[in-house]
Amino acid sequence: MRESLREQQFGPIWARDLNDVFADVAPYYDRANVVASLGFWNSLRNGFVSTVALQRDARVLDVCAGTNAIGIALLQREPSLEVHAIDRSSAMLEVGEQRARDRGFHIESVISDVHVLPFPDNHFDIVTLQYASRHLRIKQVAVEIRRVLKPGGCFYHCDMLRPANPVVEKAYYAYLRFCLAFTSLLFQCGPAALNCKRYFIDALQMFYSVEEFSVMLREAGFEDIQAKAVLAGMIGYHRARKPA
């Protein structure tokens with residue numbers, strides 16, 4: 001039911017507007033996140049990356065890879081990884097490819113809709129997805145991720161989620177409204193991003209809590225699901241395994 005409501009409410013925005021939004025924000029995306037998180041962005045990223053269990057020569061897919069922050073961080077931990085990145089935004093991936101090259105890493109990049117992943121079954125040891133689920137038909141994407149994972153492979157997820165505590169939730173949305181207004185002014189956002197400021201709050205209000213996201217992963221066919229609520233549930237880390 002939640003996925004149907006999200007599709008009904010936001011489907012036109014996902015299809016029509018988000019490419020322009022991310023083309024607008026790509027040049028300053030990482031810097032804006034550092035500002036909006038009060039300087040905790042790198043710490044939150046590192047906290048998520050530390051949950052990923054790595055083995056030499058593992059094949060990794062980063063879904064909605066954006067500026068390749070996760071792929072680069074994983075390669076810094078284990079340079080033998082074969083990392084693939086997929087994102088629908090060519091502007092974001094262009095920034096990400098340059099960031100990887102600047103650090104001496106190679107990441108195979110594909111521009112594509114992530115709802116139907118252009119990879120064979122049972123192909124990846126690890127799949128990651130971060131800070132994009134609110135803009136997706138996420139259960140459909142989770143099923144696709146399960147398909148491309150090898151049996152026993154793991155899916156690692158991180159995103160802003162809806163706090164279960166209503167007091168925290170209300171304060172969270174108030175802070176995000178301030179952040180969106182402030183970063184829009186500071187980085188001189190273009191009209192595409194400015195027009196979606198309300199959407200970013202609305203999408204979060206209709207999204208999942210940490211526990212609800214765990215339930216969705218179970219319904220998508222994953223097992224051994226582990227979850228960690230960060231900042232009182234404003235952010236969640238999840239790990240889920242494809243049955244062997």
**Request:** Name every residue in the range 56-79 that is touching a Leu at 6+ places or on another chain (Cβ under 9 Å), surrounded by fewer than 15 Cβ atoms within 10 Å (Cβ to Cβ) and not acidic (Asp, Glu), in order of residue number.
**Result:** 56, 77
**Complete:** residue 38: passes all of (1) at pLDDT below 95; (2) surrounded by 16 or more Cβ atoms within 10 Å (Cβ to Cβ); (3) more than 25 Å from residue 20 (Cα to Cα) but (2)
**Unmet requirement for residue 53, which otherwise passes all of (1) surrounded by fewer than 21 Cβ atoms within 10 Å (Cβ to Cβ); (2) of a type in the set (A, V, I, L, M, F, W, C); (3) in contact with a helix residue (DSSP H, G or I) (Cβ under 9 Å, 6 or more places away or on another chain); (4) at pLDDT 95 or above** = (3)
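So which of 148, 141 ends up being in contact with a strand residue (DSSP E or B) (Cβ under 6 Å, 6 or more places away or on another chain), under 21 Å from residue 241 (Cα atoms) and at pLDDT 95 or above?
148
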**Residue in the range 80-118 that is surrounded by the most Cβ atoms within 10 Å (Cβ to Cβ), counting only those that are among the polar types (S, T, N, Q) and in contact with an Asp or Glu (Cβ under 7 Å, 6 or more places away or on another chain)** = 109
**Message:** I'd like the full set of residues that are within 18 Å of the chain's Cα centre (by Cα) and among the charged types (D, E, K, R), limited to the range 212-240.
**Reply:** 212, 228, 239
**Message:** So residue 184 passes all but one of these: (1) modelled with pLDDT under 95; (2) crowded, with 18+ Cβ neighbours inside 10 Å. Which condition number does it fail?
**Reply:** (2)
**Message:** Looking only at residues that are among the polar types (S, T, N, Q) and surrounded by 17 or more Cβ atoms within 10 Å (Cβ to Cβ) in the range 120-152, which one is farthest from residue 13 (Cα to Cα)?
**Reply:** 128
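The values are calculated or read from the model by the stated rules, or taken from the named source; none is laboratory data. Everything numeric here is computed off the predicted structure, so don't read it as measured data. No Cβ is skipped: glycine too gets one built from the backbone with ideal geometry, and neighbour counts run over all protein chains shown.
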